[in-house]
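K.L.:
Take this structure first; my questions come after.
Every number here is computed from the coordinates shown, using simple stated rules; none is lab data. Worth saying up front: this structure is predicted, and the values here are computed from it rather than measured. Cβ atoms come from the backbone with ideal geometry, glycine included; neighbour counts cover every protein chain shown.
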Amino acid sequence: MMRLLFPLLVIGALTACRNSCQQICPRMAAYAEDCGFEISQEEVSACVASQSGSASRDDRAICREAGDRGTLRDEWTCDDLADYWARTAPVDTGAADSAP
């Protein structure tokens with residue numbers, strides 16, 4: 001029983017300090033993966049960072065209302081998610097590719 005609860009406790013701990021807009025990021029990533037996209041942890045982290053502080057203060061009430069999994073799927077299409085994740089993806093500087 002404890003082994004089943006442990007992942008839920010970890011997920012809860014990781015999202016407990018996030019605001020309502022930041023909490024949507026992993027949900028959107030999971031939905032995007034259901035659409036066939038590969039979303040990296042770096043992309044999720046970039047999403048969370050973009051929703052921090054005053055950047056999302058005005059949107060938080062909307063995020064609280066629209067942030068559950070069912071509403072996300074009702075409001076966003078796979079194409080919408082592709083557009084969103086393309087905007088939030090970390091910039092690839094090519095540094096890793098230039099190593100000899």
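K.L.:
Between residue 87 and residue 40, what is the spin-label point distance in nm, taking each point 7 Å from the Cα along the Cα→C-beta axis?
P.N.:
Here the answer is 2.1 nm between the modelled labels.
K.L.:
While we're here: For the stretch 19-88, give the magnitude of the charge dipole about the Cα centre (Cβ charges: +1 Lys/Arg, -1 Asp/Glu; no others), in debye to the nearest 20.
P.N.:
On the way: 7 positive and 14 negative charges, 70 e Å.
Dipole size: approximately 340 debye.
K.L.:
While we're on this one: With a sphere of radius 12 Å drawn around the Cβ of residue 87, what net charge do the other residues whose Cβ falls strictly inside it have (Lys, Arg +1; Asp, Glu -1)?
P.N.:
-3
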